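The values are calculated or read from the model by the stated rules, or taken from the named source; none is laboratory data. Nothing here was measured: the structure is a model prediction, and the numbers come from that model. Here the Cβ positions follow ideal geometry from the backbone for every residue, glycine too, while neighbour counts run over all protein chains shown. For the accessible areas, the whole protein counts, side chains as well, though only heavy atoms, and no ligand, DNA or RNA atoms are used. Shrake-Rupley method; radii C 1.70, N 1.55, O 1.52, S 1.80 Å.
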Amino acid sequence: MVEQLSVKTAPNKTQMSEAFGPGLEFDKQLGQHTTFKTGGPARYFLKVRSAQETSETVKIARRLGVPFCLIGGGSNLLISDFGIDGLVVKVDVRGLKIVDQTNILCGAGEDLMALINFAADNGLTGLEFASGIWGTVGGAIFGNAGAYGGEIKDVTKEITLVDTLGKIKKVDPQYCVFTYRGSNLKKTKEIVIDTFFELKNGDKKKIKERISEILAIRASKHPVEGNSAGSFFKNIPDPTQPYGKLPAGKLLDEVGCKGLAVGGAQVYEKHANIIVNTGTATSADIRKLADIMKQRVLDKFGILLEEEVIQLGQF
């Protein structure tokens, strides 16, 4: 997925500051807001911390004709080295709350692991599968995060959204049309504000043991520390495979991608579907390396891999 923005007749800085308030930042470097640690500046940058703030931001951007895009934890994101010529809105809605004993209301800006640990601490089961997945809860809903046979849609009961007109609304999971690593929100551009998760009572000790088990598995093949976005390509639907998916990493391994490098970007030695910024990579390096990986799989297997990582800006 690639999204490009462009401000053709932008208001001046004074007008922008008056419209959006003191929280608006100019020429904000975006690398610090992504796990790849790459990408150029945002012409305008604003954090929103509530549904109302988000709604007002959308309405103001529409009125001024300023294009905007969203980021959350930046864990599944590749931003152009040229940056974003528009408004980048970082959704930072927080809050974790138990509702009716077995449900959790969670802000979109919370880390997914914070939600998982909160559920475990309260003896609630259903989210263990997502242990170790980077990013925010909003991003997890947007991309239907999943692993080990589970998906975030399976435990989602209700979502608060802000649409492209600035309207706040609550929807059920069916509205989002969840798919493998995706949802209809990618098309509608609606913004996740918070999510109501429906869980079950469980044994706190067993829940935490399962979380530790999954984290240990991830640590054995994923970079625990390092500038990466996790799996770069989606797995391929295949009913003959475990969890119904043929791992893209298996195909990438078979075509010799481990250790492959372009500039400061390198395929992780333990997992052929993970690209790491070794310290000096640009987004262009990462994109070029991903293209080489993609072509090798296409040439040998006739399979065109689809990116799981979202691109923003001009490449």
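Okay, here's what the table says:
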read-out: Nonlocal amide H pairs with Gly143, under 5 Å, H built at 1.01 Å; value: none
read-out: Unit charges at the beta carbon, dipole of the chain: most positive-side option, Leu78, Ile116, Pro247; value: Leu78
read-out: Max mean-square fluctuation residue, GNM over the chain, Cα-Cα springs under 10 Å, options Pro11, Pro239, Pro67; value: Pro239
read-out: DSSP-loop GluC sites (Glu not before Pro) across the stretch 145-243, with at most 12 other Cβ within 10 angstrom; value: Glu225
read-out: Computed magnitude of the charge dipole of the chain (debye, nearest 20; Cβ of K, R +1, Cβ of D, E -1); value: 240 debye
read-out: P(r), alpha carbons of the stretch 93-141 - 10 Å bins starting at zero, rounded %; value: 29, 61, 11
read-out: Candidates Ile159, Ile236, Ile217, ranked by Gaussian network fluctuation over the chain, Cα under 10 Å, top entry; value: Ile217
read-out: The chain, relative contact order [Cα under 8 Å, separation at least 6], %; value: 19 percent
read-out: Span from the the stretch 67-96 Cα centroid across to the the stretch 207-284 one, whole angstrom; value: 23 Å
read-out: Carbon and sulfur %, accessible surface of the chain computed with the full protein complex present, 1.4 Å; value: 50 percent
read-out: Gln314-Lys288 FRET efficiency (beta carbon distance; Förster radius 22 Å; 0.05 resolution); value: 0.90
read-out: Amide proton proximity set for Lys90, modelled H, under 5 Å, gap of 5+; value: Leu46, Lys47, Val48, Ile71
read-out: Residues of the chain: accessible area per residue with a 1.4 Å probe, Å²; value: 45 Å²
read-out: Highest-MSF residue in the chain out of Lys258, Lys187, Lys169 [GNM, Cα springs under 10 Å]; value: Lys187
read-out: 222 nm mean residue ellipticity, helices alone, for the chain (DSSP H n ≥ 4; -39,500 (n - 2.57); rounded to 500); value: -8500 deg cm²/dmol
read-out: Mean Cβ neighbour count within 10 Å, used as a protection proxy, ranking 284-296, 174-186 highest first; value: 284-296, 174-186
